[in-house]
Amino acid sequence: MTCRALFAALALLLISPVKAQQGPAAHFFVYQINTGAQTKFEEAYRHHLDWHRNHHDPLVWYGWMVADGKRDGYFIDANVGEPFAAFDHRVDVEQDGADFRANVTPYVTPQAQLAYELLPQLSYGTPLESRKPSDTVQVTYFDLHPGTEARFEHALQVARRVLASMPAAPPHTWYRLVTGGDKPQYMLLVARANWASYDTFREDLADLLANDQGALRDFTDAVRLSTTESWQYRADLSNLPQH
């Protein structure tokens with residue numbers, strides 16, 4: 001009976017779908033929707049997500065529409081929470097690309113493909129990696145002066161401790177750019193339920209560091225430029241397969 005049970009367990013492992021492992025990789029893809037093509041794009045992208053479901057893709061795909069800023073109206077999709085190696089073993093990459101080009105590409109102009117690394121030790125919550133996306137996310141990009149990464153991350157450690165002492169603070173998730181753009185660059189995602197959340201929490205990093213002049217100096221000396229925008233989560237343009 002013991003041998004039979006062992007063989008049964010091994011057989012179950014062989015026929016069960018492989019589940020993605022947790023990891024720090026975060027891949028973001030940015031598209032400008034062609035003029036007048038919003039409705040056709042959304043229909044085509046939903047069709048493409050059906051391809052992923054039909055092929056039992058274990059990777060999470062989130063979708064957002066940029067709601068303000070210079071990229072207002074852009075579409076962003078992302079896979080997060082797996083090791084970087086997961087992208088070496090995607091489900092039928094050739095067919096995936098062919099389906100995307102046939103159905104979605106006619107309605108968009110690709111703008112960027114960016115790979116980030118999650119910084120869990122600096123983050124105050126990781127809702128995307130936990131598959132709990134907020135309705136809106138406030139996104140800020142920080143371009144640094146080269147060589148100031150250590151000082152910047154020291155400031156983020158201080159900010160995290162301050163956030164932990166603030167009951168109304170929403171999740172703050174930090175990512176560091178690996179490839180795809182100018183470096184050094186960091187990205188901050190602040191989960192927002194709605195506009196009312198800005199009434200209860202509107203502090204930026206400078207506010208969080210106001211009582212630590214050393215950390216504030218590290219932050220201000222490191223940052224060369226920052227930009228911010230809001231993303232509206234689109235559950236109908238996302239695919240979150242079961243664990």
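Throughout, read-outs are computed from the coordinates displayed, never taken from laboratory work. Computed from a predicted structure; not experimentally measured. Note that we place each Cβ from the backbone using ideal geometry, even for glycine, and neighbour counts take in every protein chain shown.
Relative to the Cα centre, the charge distribution of the chain, modelled as +1 at Lys and Arg Cβ and -1 at Asp and Glu Cβ, gives a dipole magnitude of about 400 debye.
For V108, the residues whose modelled amide H falls within less than 5 Å of its own, excluding neighbours fewer than 5 places apart on the same chain, are N34.
Above 21 angstrom, tally the Cα pairs of the chain and express them as a % of all pairs, no decimals. Value for the chain (Cα pairs over 21 Å): 62 percent. Within the listed set D77, D199, D221, the residue fluctuating most in the Gaussian network model of the chain (springs between alpha-carbon atoms under 10 angstrom) is D199. In loop segments of the stretch 143-243 as defined by DSSP, the chymotrypsin sites (Phe, Trp or Tyr not before Pro) with at most 12 further C-beta atoms inside 10 Å of their C-beta are W195. As a calculated quantity, the FRET efficiency between S130 and R53 at R0 = 22 Å, using C-beta atoms, amounts to about 0.55.
The gain in end-to-end length when the N194 to L240 segment is fully stretched comes to 14.4 nm, 0.36 nm per residue minus the alpha carbon separation. Here the extension length gained between D96 and D207 equals 35.5 nm, from 0.36 nm per residue of separation less the Cα-Cα distance.
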